[in-house]
Amino acid sequence: MSELNKKQALLIIDMQNGLFHSNQTPYLKETILTNIQTTMNKARTQNIPVIFFRHVGPEGSPIAPDSALTQIIPELEIDHDKDIILEKTKPSCFYQTKLLDVLAELNVTELVITGMKTDFCIDTTCRVAFENGIQTTLIADAHTTVDSNGLTAESIIQHHNHVLGAAFSQVVTTDDFNFAK
């Protein structure tokens, strides 16, 4: 698809209080936040849609939709007049959500992906987007996770940048990425 026919949206996944401000500090937490903010500012400058996803659970659970844990971190300064906030209950931003409908309504053909957690929701969303014919660009230094079962967060992120970049996504750094004009 040519650059002229491509319409992009920024997808910010699970940057919510219960994950980002948890007792398990995400890898390069402040750098990742700065890189997401930078990418978000690039999107807003070009009137690119910004879509936030929150991972929620059932009412009465610690991650109920109204829980403080599931709210988007205030550092991202949501624009409630323009930004879109969606909810999911599984690692995929596509599974039983309105994402495909929103993308169709906006004529979006490419998602620029940032957020948490690399090894769950970032990975799954990149792969499912590919299955749905949606191009993705993964911002290599704007997604994060925590150490897990003998693997460091750094190695998890490097591995996913490599694997997703080999088959499912274009992978670029914050500094090297610009939205199509």
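The values are calculated or read from the model by the stated rules, or taken from the named source; none is laboratory data. Being a predicted model, the structure only gives us computed values, none of them experimental. All Cβ positions, glycine included, derive from the backbone under ideal geometry; neighbour counts span all protein chains shown. Please note that ligands, DNA and RNA were not included when accessible areas were found on the heavy atoms of the full protein model with its side chains. Shrake-Rupley method; radii C 1.70, N 1.55, O 1.52, S 1.80 Å.
What ranking do 170-180, 155-165 get when scored by the average of other Cβ atoms within 10 Å per residue, highest first?
The densest-packed peptide leads the list: 155-165, 170-180.
Can you give me the long-range amide H partners of residue 147? Hydrogens built in the peptide plane at 1.01 Å from N, cutoff under 5 Å, separation of 5 or more residues or another chain.
153
What part of the accessible area of the chain, given as a whole %, is carbon or sulfur when the probe is 1.4 angstrom?
Answer for the chain: carbon and sulfur cover 51 percent of the accessible area.
Report Rg (one decimal) and Dmax (nearest whole number) for the range 68-172, counting Cα atoms only, units Å.
Every Cα atom of the range 68-172 included, Rg and Dmax give 14.1, 43 Å.
Enumerate the calculated ³J(HN,Hα) couplings along the range 70-79 in order (Karplus 6.51 cos²θ - 1.76 cosθ + 1.60, θ = phi - 60°), each rounded to whole Hz, writing x wherever the residue is Gly or Pro.
9, 7, 4, 4, x, 4, 8, 6, 4, 9
How high is the FRET efficiency between residue 149 and residue 173 when r is their beta carbon distance and R₀ equals 35 Å, given to the nearest 0.05?
0.80
Sorted by accessible area (1.4 Å probe), largest first, how do 27, 95 line up?
Greatest to least solvent exposure: 95, 27.
Indicate the helices, whole DSSP H runs only, in the chain that combine a mean Kyte-Doolittle hydropathy of -1.0 or more with a Cα extent along their long axis of 20 angstrom or more.
29-45, 153-167
Beyond a 18 Å Cα-Cα separation, which of these cross-linked pairs lie in this structure: 7/42; 88/117; 6/90?
Cα-Cα > 18 Å for 6/90; rest within.
Which value results for Rg/Rh of the chain when Rg is the Cα radius of gyration and Rh the Kirkwood radius based on the inverse mean 1/r?
Here the Rg-to-Rh quotient is 0.93.
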